[in-house]
Amino acid sequence: MNRTNIQILKCAALLLLILPFGTTLKAQQDPMYTQYMHNPLTVNPAYAGSTNMLSAMFLAREQWVGFDGAPKSRTLTVSAPISRYNVGLGLSYINDELGPVKQNSFYADFAYHLKVSNRAKLAFGIKGGFDMIQINLMSLSLNQQNDDAFSSDFSEDFILNFGLGLYYYTDRFYLGLAVPRLLKNNYENDGFNTSSYGYKERHYFLTTGALFDINEYLKVKPSILAKVVWNAPVSIDLSANFILDDMLWLGAAYRIEDSMSFLIHYQLTDQLRVGYSYDMTESELRKYNQGTHEIMIAYDFQFNKKKVMTPRYF
């Protein structure tokens, strides 16, 4: 790696490192997903149970491949309905790494689904759980040695938080609004620096999507995700997937002023689905990485063999 690459890497790593811990600098701090349309539970607790079956989903994201210390995310979610009580339950685990920063999150979700018409439901959701954060500051290579701000590692366990969500849906349309973490958790560590502390900003998510028939064998599903954080630019993802014979999904997505993505999703069996996406960075970072890869595997459990499983679009 040449000197220019090293300097860019140091600047980017330090900037991303202090985002969650700066008192004046604030930005988007939660993991991002290109396949957000297949991964809504991590954002919106009201989605729990909306699929009317026990479902599990695993997603792995490798961002900016070839860039040292680039973000990596692993997500596992499980969702199930309790139809008798119009309730949905969910569990989610997220492992997120960025350079010396490692975060593990464990959350449980509860949703109540209210029927508002013959075809539509409105769900109210709440999520609660905790985050565990570790920052290996002493592993960093510094230009200025003996810097007190980097003289010891930082760790904090069981940082409690909770979130809320709304989710309106039919078999052809959905609209969701969620705040997955309502508390602005403060972070302090005597070993880190007693005068330096920060907090996580609230992230507000708006999601929507629809399904349209082009002909008997082809459908199109456009979707939008908007993320708002105080003192940070609004992030907007636009995507469209073409669905061939309810088996093969081919699509493209655009994160405004950030990246262009291509997506593929395949229904291997009635219960097993796999997906892949590739992002191309639009910023100057595109010169120093080979793009972003994301893999998704989802499984719907079918306990009643006599029940006919219908294709899932949301």
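Some observations on this one:
- Search result, residues across region 214-236 that are among the β-branched types (Val, Ile, Thr) and either in a strand (DSSP E or B) or buried (at least 19 other Cβ atoms within 10 Å of the Cβ) (or both): Val220, Ile224, Val228, Val229, Ile236
- From the options Leu250, Leu263, Leu272, Leu211, residue that is surrounded by 14 or more Cβ atoms within 10 Å (Cβ to Cβ), over 22 Å from Tyr169 (Cα atoms), more than 18 Å from the chain's Cα centre (by Cα) and not acidic (Asp, Glu): Leu250
- Residue pairs whose Cβ atoms lie under 9 Å apart, sitting 6 or more positions apart in sequence or on different chains, and linking a residue in region 261-288 that is of a type in the set (Gly, Ala, Ser) to a partner that is loosely packed, with under 15 Cβ neighbours inside 10 Å and in a loop (DSSP other than H, G, I, E, B), are Ser283/Glu257.
- Once region 44-65 is narrowed to residues that are closer than 21 Å to Ala226 by Cα and of a type outside the set (Gly, Ala, Ser), the residue that is surrounded by the fewest Cβ atoms within 10 Å (Cβ to Cβ) is Gln63.
- Which numbered condition Asp68 fails, given (1) in contact with a Leu (Cβ under 7 Å, 6 or more places away or on another chain); (2) outside any strand (DSSP E or B); (3) buried (at least 23 other Cβ atoms within 10 Å of the Cβ): (3)
- The requirement of being touching a helix residue (DSSP H, G or I) at 6+ places or on another chain (Cβ under 6 Å), over 29 Å from Ser155 (Cα atoms) and assigned to a strand (DSSP E or B) is not satisfied by Ala56.
- The C-beta contact set for region 87-104 (first residue over 25 Å from Phe67 (Cβ atoms) and touching a residue at least 40 places away in the same chain (Cβ under 8 Å), second residue aromatic (Phe, Trp, Tyr) and surrounded by 19 or more Cβ atoms within 10 Å (Cβ to Cβ), distance under 8 angstrom, 6+ apart or interchain) comprises Gly88/Tyr47; Gly90/Tyr47; Ser92/Tyr107.
- For first residues located in region 200-224 and among the acidic types (Asp, Glu), partners that are in a strand (DSSP E or B) and lie 6+ apart or on another chain with Cβ distances below 7 Å form the pairs Glu201/Val229; Asp213/Lys219.
- Residue within region 206-225 that is in contact with a helix residue (DSSP H, G or I) (Cβ under 8 Å, 6 or more places away or on another chain) and β-branched (Val, Ile, Thr) present: yes
Each value in this text was obtained by applying a stated rule to the coordinates, not by laboratory testing. Only a predicted model underlies this, so the values are computations on that prediction, with no experimental measurement involved. FYI the Cβ positions are ideal-geometry reconstructions off the backbone, even for glycines, and counts take in every protein chain you see.
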